[in-house]
Amino acid sequence: MSLSEFTAQLDALLEAGTLAFRQAADGEALEEARVEFLGAKNGRLKAAQKGLGTVDRDDKPAAGKRFNEVKQALEAAFDEAKSQGGAAADPRAIDTTLPGIRPATGGLHPITQTIEALKDIMGRLGFTVADGPEVEDERHNFEALNIPLEHPARDPKDNFYLSHDGVVSQLLLRSQTSTVQIRVMDSTPPPVRIISLGRVYRPDEVDETHYPMFHQMEGLMIDTHVTMADLKTVLRMFATSYLGEDVHIRFRPSFFPFTEPSVEADFYWNGSWMEFGGAGMVDPNVLRAVGYDPAEVSGFAFGLGVERLCMRRHNITDIRNLYRGDVRFLAQFA
Ligand code: PHE
């Protein structure tokens, strides 16, 4: 065999071996390729070595040198493939027909989903969304809502007042979304038809149904000749839309400083009555506080617990689950 024939054989072997090592998809395939090319007994390199004996005597040193170079290069290619665990780095070895790995995706929190649903339903009933701050002053949280200074609802122990340099301020985390009624009526003449959805804060002890922060949906409708019948109709249409079947509504007499008369609203659904919040006809004192004339306009207001609605619909029994941030729980609603 001539020198050029011998080296051509070696070069082809090097190329084939390097490719085989790179394409080996796992450790087992890599080992198979190793035996095929570098195997001490029947490996192709070993076979090529035999050709060395047939090369002309004068060319033997050059042929031998080339053989050693190829052997080293092939061993280096094997070592490199092995260091990658036999996982093929060559893109030609990737099976593009396999399904991809789906990245984990987030989803809306169940309370956010509930809020979106409530906005949607109330929007169809003609209510637009109004907003207000979570840090409020006493006028919006109490005074304009007809809650006088001596009223127990203003007890600092029952509210989150903000303090500054150790001095308790006149500001607090709102305890109800009724604050937004005042903000809207202060800035808009009647008629008014709004809802407001957001967080409220009360220093309640935490248990299955209580959490120091929760959400309310406030509703307010002011116009000429608005009556309790309108209130009941709106709540019933709302409850029927949200809970998905014919829901009964029950009013129980109650008291709120900012409504007269005042009621607790209960929904009957899936075999039991549930209390969902307070409601009533806006007290004339509140209308006067915002510069409305109680002789001209009247209206109703309601405040429903968003968590209750959400929990009832999804059969969630412990409010704390909503705020633990445990993805295993939340992912059920994504
Ligand atoms: N703000 C009352 C509460 O938090 C609910 C309510 C709103 C009652 C509007 C009457 C009218 O309990």
The correct ranking of Thr97, Thr233 by accessible area at 1.4 Å, largest first, is Thr97, Thr233
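All other residues with a Cβ under 15 Å from the Cβ of Met213 taken together, and with Lys, Arg as +1 and Asp, Glu as -1, what is their net charge? Mind dumping the intermediate values first?
Values: positive: Arg174, Arg199, Arg202, Arg308, Arg320, Arg324; negative: Glu134, Glu136, Asp158, Asp204, Glu205, Asp207, Glu307.
Around Met213, the surrounding residues sum to -1.
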How big is the accessible area of Leu98 in square angstrom, nearest 10, if you roll a 1.4 angstrom probe over the protein chains? 110 Å²
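Relative to the present Cα-Cα distance, how much length would full extension add between Asp246 and His210 at 0.36 nm per residue of separation? Before the final figure, lay out the partial values.
Details: separation 36, 0.36 × 36 = 12.96 nm, distance 2.80 nm.
Going from the current span to full extension adds 10.2 nm.
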Using the Cα atoms of the range 239-334 to build a convex hull, what is its mean projected area in square nanometres? 8.5 nm²
Only Cα pairs within less than 10 Å get springs; with that Gaussian network setup on the chain, which residue of Ile222, Ile101, Ile115 has the largest fluctuation? Ile101
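Per 0.36 nm of contour for each residue apart, how much would the distance between Phe329 and Asp158 grow if the chain were fully extended, relative to their Cα-Cα spacing? Could the numbers behind the result be given before it?
Working: separation 171, 0.36 × 171 = 61.56 nm, distance 3.09 nm.
Full extension from Phe329 to Asp158 adds 58.5 nm.
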Please work out the Kirkwood hydrodynamic radius for the chain, using every pair of different C-alpha atoms, and report it in angstroms with one decimal place. 26.1 Å
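Roll a 1.4 Å probe over the protein chains and send me the accessible area per residue for the range 20-119 in Å².
On the way: 6800 Å² over 100 residues.
On a per-residue basis, the range 20-119 sits at 68 Å².
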Would you look at the GNM of the chain, springs on alpha carbons closer than 10 Å, and say which of Gly39, Gly244, Gly198 moves the most? Gly39
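Report the semi-axes of the equivalent ellipsoid for the range 3-93 in whole Å, largest first, where each axis is √(5λ) for an eigenvalue λ of the Cα gyration tensor.
Working: eigenvalues 149, 27, 18 Å².
Listed largest to smallest, the semi-axes of the range 3-93 are 27, 12, 10 Å.
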Of the accessible area of the range 248-294, computed with a 1.4 Å probe and all protein chains kept, carbon and sulfur make up a percent value of 53 percent
Projected area averaged over all directions for the convex hull of the alpha carbon atoms of the range 57-152, nm², comes out at 17.4 nm²
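What FRET efficiency comes out for Ala295 versus Thr112 if R0 is 56 angstrom and r is the Cβ-Cβ distance? Round to the nearest 0.05.
On the way: r = 42 Å, r/R0 = 0.74.
My answer for the efficiency is 0.85.
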What nm distance separates the two modelled labels at Ala76 and Ala25, each placed 7 Å from Cα along Cα→Cβ? 3.0 nm
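Rounded, prolate or oblate for the range 176-293? Axes are the square roots of the Cα gyration tensor eigenvalues, ordered a ≥ b ≥ c, and the cut-off for rounded is a/c under 1.5. Walk me through the numbers on the way to the answer.
Details: a/c = 1.88, a/b = 1.27, b/c = 1.48.
Oblate is the answer for the range 176-293, as a/c is 1.5 or above yet b/c matches or exceeds a/b.
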Out of Ala104, Ala12, Ala130, a Gaussian network model of the chain with alpha-carbon springs under 10 Å gives the largest mean-square fluctuation to Ala12
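Sorted by accessible area (1.4 Å probe), largest first, how do Ser4, Ser196, Ser298 line up? Don't jump to the answer; show the numbers that get you there.
Values: Ser4 80, Ser196 0, Ser298 35 Å².
From most exposed to least exposed: Ser4, Ser298, Ser196.
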Loop only per DSSP, at most 13 neighbouring Cβ atoms within 10 Å: give me the GluC sites (Glu not before Pro) in the range 130-196, ordered by residue number. Glu150
Glu36 to Asn321: extension gain in nm, 0.36 nm per residue of separation minus the Cα-Cα distance? 96.6 nm
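The values are calculated or read from the model by the stated rules, or taken from the named source; none is laboratory data. These figures come from a predicted structure and were not determined experimentally. Neighbour counts run over all protein chains shown; Cβ positions are idealised from the backbone, glycine included. Calculation scope for accessible area: heavy atoms of the full protein, side chains included, ligands and nucleic acids excluded. Shrake-Rupley method; radii C 1.70, N 1.55, O 1.52, S 1.80 Å.
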